[in-house]
Each structure stands twice: as structure tokens, then as C-alpha cells.
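These notes are about the structure you will find just below.
The values are calculated or read from the model by the stated rules, or taken from the named source; none is laboratory data. The model shown is predicted, which means the values in this text are computed figures rather than measured ones. For neighbour counting, all protein chains shown are included, and Cβ atoms are generated from backbone atoms with ideal geometry for every residue, glycine included. Each accessible area value is taken on the protein alone, full model and side chains, heavy atoms only, with ligands, DNA and RNA left out. Shrake-Rupley method; radii C 1.70, N 1.55, O 1.52, S 1.80 Å.
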Amino acid sequence: MRIKRFCFKRWQIVLLSLVAVLGITWLLLKLLPSPSLNAFMQRQNSTRFYDRNGNLLHILALDEGLRREWYDLEDIPEDVQNAFIEAEDKNFYHHPGVDVSAVFRAASQNKEAGRIVSGASTITMQLVRIIYPRKNGTVTLGVKIKEVFRALYLEIKLTKKQILELYLNSVPFGKQVEGVGSASRSFFGVTPEQLTQQQIEVLAKIPRRPADYAPEKVYDYPSRCPHFIQYVISRYAQTQSVMPNDMTLSISAEWNELTERFIQLKLNEFADARIHNGAALVVNNATGEVLVWCGNASFDDKEHNGEIDGVLVENQPGSSMKPFLYARSLERGFSPSEVLPDIPLDFGGAQVYVPLNFNNRYNGPVRMRVALASSLNIPAVYVLYRIGVDDYMECLDSLGFDSLKGTRDSTGLSIALGSSEVSLLEMVRAFSVFPRDGKVLQDVAVVPSAAQEGKRVYAKDTARILCDMLSDKNARVLGFGNAKVFETSYPSMFKTGTSNQYQNIIALGATSELTVGVWMGNFEGETVVGQTGSSIPAAVVRTILDELTKTYGAQQFAQPESYVQQNICTLSGMKATEDCPSVSREYIAQGRAGNFTPCTWHETRNGKTIIKYPSEYQHWAAQKNISGEIQLDGSELSFLYPRNNAQFIFDPTIKPDAQMLAVEVTGGHHTSATLYYDGKNKGTVSDVFSWHIALERGTHTLTVECGSERTSITFTVK
């Protein structure tokens, strides 16, 4: 049996070859990347921002105010899709990008009319012109041919549904509107699914000649929480990433606008004090979510630069920075019962720094708890002097104070009092470290988020002790009296601050769940109050906490685990004895509790309590006429003021005899001492070692003798 051999004819071979070439070409075009198309598909659309409760806050305007919202094809009603297909391309689903029958029909109609009365552009070809705009609007045969090939290419790269989806979201409607979503909202104030049949017919007609058919815009785009929206947009801009089409933010519009009203009430109340601006920030301690971001009471307040975001502006925070310093000191050997000096001190060196309390009063020996809660300045500087500026700035860097980076050379001891400029955002984030058990938030969250682990900056017990100190209303009495603004029905903690020239007043508050910060002042940097006025923002913090705690609640702050509470002498901070007239409870480290030193400052003689002040407090006690004895406890003879190598400036406009330097010495084992100024005897004094000498230009030596003890320092007058 013979097998019949099958032979391809030449035309069959040519046809098969052509099919193979076309198939391979189609596959290559399908697989090869298309940078222009990819860039177009990934371009920024008008993001719709919603708050945590689903309220529409803002729709992002693109270049020159253009609005272009994206809707997936399944979210665009079929009636809308069909209307545009009917109006622009009836054979859309039946051609490969070019409708040949439409081309012949249009040519015939145009020839018969003697002018162009019909076009043959498909939806695919219209999309080509959107993706690849014609240069200078010039239309030539070559341009037309190129557009045909690009249309065929689009049909290879994309499905029909993808092409229709891109077209409906990109088609221009004039008046800075692109896409059916933005057109529906701009012209009729509705979303695509809310369009009536009549409105759909109007929309489908507009792209033919937008200038003739587009109606007037009726929709007023929302602009709620504008400062926060700007912040979110800037964060995406920094990462150069495209924002999603829909974005649910962590913020509550209701709470944000309530906070704006709280701030505006205070601005109205204190307008005469030049308080024109205010800002507030609230974060969830567990998640770091921003719940309130109020950059100013009114974004539209042109007179007072309302568009500036007070949450991000850097200002001097004043005493509101002190908690971070005291927390650091607890981890550098200080104890909660430590007594700190609140007496006239200078901290000499290349430059003399002499801090003052805000009320120009000195309180002598003050326990750390009271010094912090009452916001005393001198004890804070003393603590910083002891632990070192470098160590403290390292701590602040760990807390996220990026605005302080690179400022070490210009930063001195005054940073203890908040003299360096930081933002409210940095302050609130850092302050939340205390209710967060010593772990700082990695960053604030702008979208609903899960709990943040965070980075540990302080030991757990350190943070808990700070919470206890800042929630102690009795410890605030020395500095603030019985201020009702700090008394809440739920566990809370507060810290306030005023910049050194009174340009800024700040308050921080926290519960176990929330941290709040409020800044008030003016963006011009003018003095706003002639005295400390931090109770003004504190009242706003309190009001915010009252409102939000209804939703979030507030638990008791956790107690330290490796400390126990013991009775201490309120004055000395030592273990209370029966001679101590005033006793307080304080945290003592468990390892120290068993051998906690009893108080040596109080002694009962003949039924009367005698106070024996350590020698460093002798000048303060004498000037205050406080009844008590100077305790000669064998402390080293030393100069309290001035310090060694101090520098002073001689003012030629003041009479020389009016420029006197107070010299104060502490310690020694005898009740009298003699001062020598450049070898000249300046007199012998008893009990309180204090002299006054005239300032003279040059470098000088001071020597003091107390019995057999002798010590010297030098200082310079320029």
C-alpha cells in the first residue's frame, strides 16, 4: 500500500509563515514592556480622603486644579458605560482598535456633505490621543497612521474592559475635569452610581465639544482637616510614591473640628494678648494614630496666616521639655527622692550661665518630684549640668527630635529649659513615651493602624515614675497652686511650658490611652503674654481629654515594678524619722529600701524641732531668715559663686562701683572664713560665707581660707 505524501502548496506555506510571523509579533508586543503606557496607568489620580468614620474630607486637586477621580469599571454603572459606547464607538467590542466600516461610512458622509460631519475615531483611538497627545495639535496623514498602529497596539496590550476603564477615567470634560467620576461630582454633585438617565445622556455628549456642552460646575469640593491632608500629601511626596485612589485616614473630622472650636474660643478670649494662632495634636498611645491634627483654628484666616501648620512649626517649648531630662537623670544615678538645689547658682565655664525661676524666687532644697511638677528652672539646669548636655541630646535624638540634629555646637545648658526649637509633632510623639512604658513611637500613623511596638528609650519603671510625678497634683502646688485645670475625674498627667521671651505657650497632657499637645501664640513670633500663660493651652488640652476620654476611657497609670513606696522626709528626701514634721510617700529602689538613710536634717531638742541645713543651703537660709542651723557636715570648702574659669563682661556705661560681684562659698569645718582677691584681704565673715567685690577688667584670683582649709579659683572680666 502506498502512502500518499501531503505537500503544502506555495501559497499555503506563505500563509502559514505570515500567520506565524503575525503570531510571534503579537506575542512579542504583548510581552514587551511599554514605558509610556505603564507611566500613564500609574499616574496620580485625585485621591479621595476619608476620615476614620467614612466621612469624605477632601478630593485631591492635581496640576492647575484638575480633578480626576478613579473608579473601577465595576463601580461605573452599565448605563453609563453603554451611553459612552453608543455615543462614541458602537462597534467597540467588535473591532481591533480601528473600525474600518466606520472609516468608510465617515468618508462617504463627509464627501456627500462637502465638509467633516462625521468622525471614525474609536474609543481606543481616542484613548491613544490621551496617552500620546498630538504635538501642537497638528494632524497629518503620518500622525493618523501612527495613531492607528498605536490603537492596534493598545488592543494587544490591554483587554477591552481595561481600555474602556482607562477611557472612562481619563476622558476630558473641560473645566479642569477628567473622567466620568469627577464629571458626575463636578457637574451634578453626585457619584456615578447616583446619576439619572438624563444626567448620563448629558455626560456622554460633553466629550465631543466640552466648550459647548459642559454645564456649570455645581459641586463645592470639601476641605476638611486641611492641615492634616497637606501633611499626608507631603509624606507621599517625600517617598515619591503615588497615593491610592481612596484613602481612609486615622483622623476624626468631628473631633478635629471640635478642637478647632475649642482653640478659637481661647483665641477670642485672649486676642488682646496677641494670641492669634493655636495648634493641637492628639495621638493614640498604643497605635500612634493621629486622631486630631489642628494646624490652626481656621485655615482660612488670611489675616493671621491660618494656612501655616502650627503642628509642624518649630518653637521653643520651654519647660514642657523637662520630663525628658528628669527621666534621663533617673537612669543616670538620680533617685525619685533626690533633693535638688533651688538656690542661686551659676554654671561656669567658657561662659557663665545663671538660670532663674519664672517667678524669680528660690525655694532652697526641693525634691525632684516637686521640682518637675512645679517646673522649677534651677534644679533642671543643675540636673543637666550633672548628666551632661551630650548625654541629654543623645536621649532627645532617640526620642525623635530630628529638628535638633546638628545643633550641638550651639546648644548649652539652657536646653534644660527648652531653649531649642522643636515642633509640636515632635513634642507629642516624645511625651507619649511615658504612658507607653518608655517606648517611643516609631512614627505617627496617618491611617488606622495596629499597635506599635516602638523603640525603648527609657526603662519601664522610669516611665512609670514620670507618669506618677506628672499626675501628682500636690507636687504642682509650689509652682502652680491648686490649679483646677489639672484636676480631672480620670487619671491624667500634664506638663506645660512658656518660651523664655513668652512668644509661645505650650501644654502637654496624657492619659493611659491618649497624648495631647497644644501650642498657642502667633506666627509672627511676637510676645503673647507678659507672664507665664501656659494655663491657656492647658485648658484646651483638658477640654480635649475630657471629650475624647468619653470614647477611649482612661486606666490608672501602671506602678513601677522594682520600686517600693516608703515614708520620706518632705524636706530632706531621706527616710522619715519621728523628728520629721512633714512626711511624704516616694518610690525607693528595692535594692536601696533596706538601708535607706534616715533623715539627718531634723532633730528634736527640748521638745522643739531643729532644722540642720547642709552647708550649700546656708546662703539661701540666711537670706530667707529661715529658722534652722547650718550643718557643718565636713563638706569640702568650695566656691558656690562664681565658678572656676567663669567669664564676665564689664559694662563701661555703668559706674565701676555699681558693678559688684557676689562671692559665695560653701563647706568648711569652721564658722568663719576669709576672702582674698588677688591676694588682698577682703574681710572675714561668720556663718554665711558671702562677700561683694568690685568688677575689674582682667584675670583675677579668689582665695578663701576657713581654718586650715584653703581653696582658690580664677575668673576673667572682659
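With the simple model of a label 7 Å out from the Cα in the direction of the Cβ, E314 to T701 spans 4.6 nm. Per DSSP helix of 4 or more residues, -39500 (n - 2.57); summed, then divided by the residues of the chain. What does that give at 222 nm, rounded to the nearest 500? After summing the helix terms and dividing by residue count, I get -9500 deg cm²/dmol. At the residue level, R209 shows approximately 120 square angstrom of accessible surface with a 1.4 angstrom probe and all protein chains present. Rolling a 1.4 Å probe over the heavy atoms of the protein chains gives region 426-535 an accessible area of 34 Å² per residue.
Computed with a 1.4 Å probe over protein heavy atoms only, the accessible area of Y219 comes to about 60 Å². Here the dipole of region 565-615 is about 60 debye; that uses its Cα centre as origin and unit charges on the Cβ of Lys and Arg (positive) and Asp and Glu (negative).
Estimated at the nearest 10 Å², the accessible area of F262 is 40 Å² with a 1.4 Å probe.
Counting only heavy atoms of protein chains, what accessible area per residue, in Å², does region 207-258 have with a probe of 1.4 Å?
Working: 2880 Å² over 52 residues.
Heavy-atom accessible area per residue stands at 55 Å².
The slack between E303 and D72, meaning 0.36 nm per residue of separation minus the straight C-alpha distance, is 78.9 nm. When the Cα centres of region 464-511 and region 214-257 are compared, how far apart do they sit, in Å? Between the Cα centres of region 464-511 and region 214-257 lies a distance of 34 Å. Basic side chains Lys and Arg get +1 at the Cβ, acidic Asp and Glu get -1 at the Cβ, and with that the dipole of the chain about its Cα centre reaches some 3180 debye. Positive-end ranking of V202, L345, I568 along the dipole of the chain, with charges on Cβ about the Cα centre, is headed by V202.
Using 0.36 nm times the number of residues separating F40 and N136, minus their current alpha carbon distance, what extension gain do you get? Could you put the intermediate results ahead of the total?
Working: separation 96, 0.36 × 96 = 34.56 nm, distance 1.99 nm.
Here the segment from F40 to N136 would lengthen by 32.6 nm.
Over region 275-340, with every protein chain in place, what whole percent of the accessible area is carbon and sulfur at 1.4 Å, could you tell me? Please list the in-between numbers first.
Values: 710 of 1650 Å².
With neighbouring chains kept in place, the figure for region 275-340 is 43 percent.
The angle between the Cα long axis of helix 535-552 and the longest principal axis of the Cα atoms of the chain comes to about 60 degrees, rounded to the nearest 10. Under the convention that each Lys and Arg Cβ holds +1 and each Asp and Glu Cβ holds -1, the size of the dipole of region 161-208 around its Cα centre is about 140 debye. Each of Q264, N245, L413 was scored by the projection of its Cα onto the charge dipole of the chain, and the greatest displacement toward the positive side belongs to N245; charges sit on the C-beta of Lys, Arg, Asp and Glu.
As a test of reading the structure, rank K550, K146 by solvent-accessible area (1.4 Å probe, protein chains only), most first. Provide the component values of the computation, followed by the final result.
Values: K550 155, K146 115 Å².
Sorted by accessible area, descending: K550, K146.
Between A61 and T714, the FRET efficiency from the beta-carbon distance, with R0 = 45 Å, is close to 0.10.
Normalised by 2.2 N^0.38 Å, with N the number of residues, the alpha-carbon radius of gyration of the chain equals 1.42.
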